[in-house]
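Student: The structure under discussion is supplied below as structure tokens; questions concerning it will follow.
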Amino acid sequence: MNRPITKDNPYRICFVCLGNICRSPTAEGVFQHLVNERGFQSYFYIDSAGTSAYHIGEPANSKSQFVANQQGVKLHSKARRFDMADLEDFDLILAMDHENFNNLNRLDSRGIHSDKIRLMRDFDPQPGDGAVPDPYYGGMDGFQNVFDVLKRSSENLLDELAKSINK
């Protein structure tokens, strides 16, 4: 995680959940929003993906979008499936929960990229059980909770990464 981050060599982050319609696109949108606020757009490449192919091509869930929009955050991504090439392409791969963390590590069967696969809540000052909960069946409160968890975690992640930015 500690390599110099420059405009010529931006830091590549992929946020990963199961379907890539709730948690990971929210994480992508929140992190991009924070990067934009700090003027760091040229230093990061930010994406999201799912470990399943259930929702390929779909936009973020409407409840995720509603909660994000209320906070001034736009969710622009379209769902895609995480693939083997992503293991090589990204500097940091952040799973939203333990199931997706395990799925990502199974893709990396030789353990070559295990140092870059982490849980999103590793960066949360209130990590709970380490998982970003699936908001899908929790009503609007579930989506708001996920947004709050991801904002806290993203702020700490960006604070950590900003130390490596070489302007």
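Student: Looking at (1) over 16 Å from residue 86 (Cβ atoms); (2) at pLDDT 95 or above; (3) out of contact with any Asp or Glu (no Cβ under 7 Å at 6 or more places or on another chain); (4) surrounded by 11 or more Cβ atoms within 10 Å (Cβ to Cβ), can you tell me which one residue 141 breaks?
Tutor: Result: residue 141 passes all but (4).
Student: Against the condition in a helix (DSSP H, G or I) and more than 22 Å from residue 37 (Cβ to Cβ), how does residue 115 come out, does it pass?
Tutor: In short, yes.
Student: Being buried (at least 16 other Cβ atoms within 10 Å of the Cβ), of a type in the set (S, T, N, Q) and out of contact with any Pro (no Cβ under 8 Å at 6 or more places or on another chain): is that true of residue 103 here?
Tutor: yes
Student: Could you list, in sequence order, all residues of the stretch 123-137 that are surrounded by 19 or more Cβ atoms within 10 Å (Cβ to Cβ), touching a Gly at 6+ places or on another chain (Cβ under 9 Å) and without any contact (Cβ under 8 Å) to a residue 60 or more places away in the chain?
Tutor: Passing the criteria: only 124.
Student: Moving on to the next point. Of all residues in the stretch 45-71, how many are of a type outside the set (D, E, K, R), farther than 20 Å from residue 93 by Cβ and without any contact (Cβ under 8 Å) to a residue 40 or more places away in the chain?
Tutor: 6
Student: Here is a list: 74, 151. Which entry is touching a residue at least 40 places away in the same chain (Cβ under 8 Å), in contact with a helix residue (DSSP H, G or I) (Cβ under 8 Å, 6 or more places away or on another chain), assigned to a helix (DSSP H, G or I) and of a type in the set (Lys, Arg)?
Tutor: 151
Student: Turning to a different aspect of this structure: Residues that are in contact with an Asp or Glu (Cβ under 9 Å, 6 or more places away or on another chain), closer than 28 Å to residue 6 by Cα and free of Cβ contacts under 8 Å to residues at least 12 places away in the same chain: does the stretch 99-120 have at least one?
Tutor: Yes: one or more hits.
Student: I've got another one for you. Of 59, 4, which residue is modelled with pLDDT under 95 and on the phi < 0 side of the Ramachandran plot?
Tutor: Only one candidate passes the filter, namely 4.
The values are calculated or read from the model by the stated rules, or taken from the named source; none is laboratory data. The model shown is predicted, which means the values in this text are computed figures rather than measured ones. In this analysis, Cβ positions are derived from the backbone assuming ideal geometry, glycine residues included, and neighbour counts consider all displayed protein chains.
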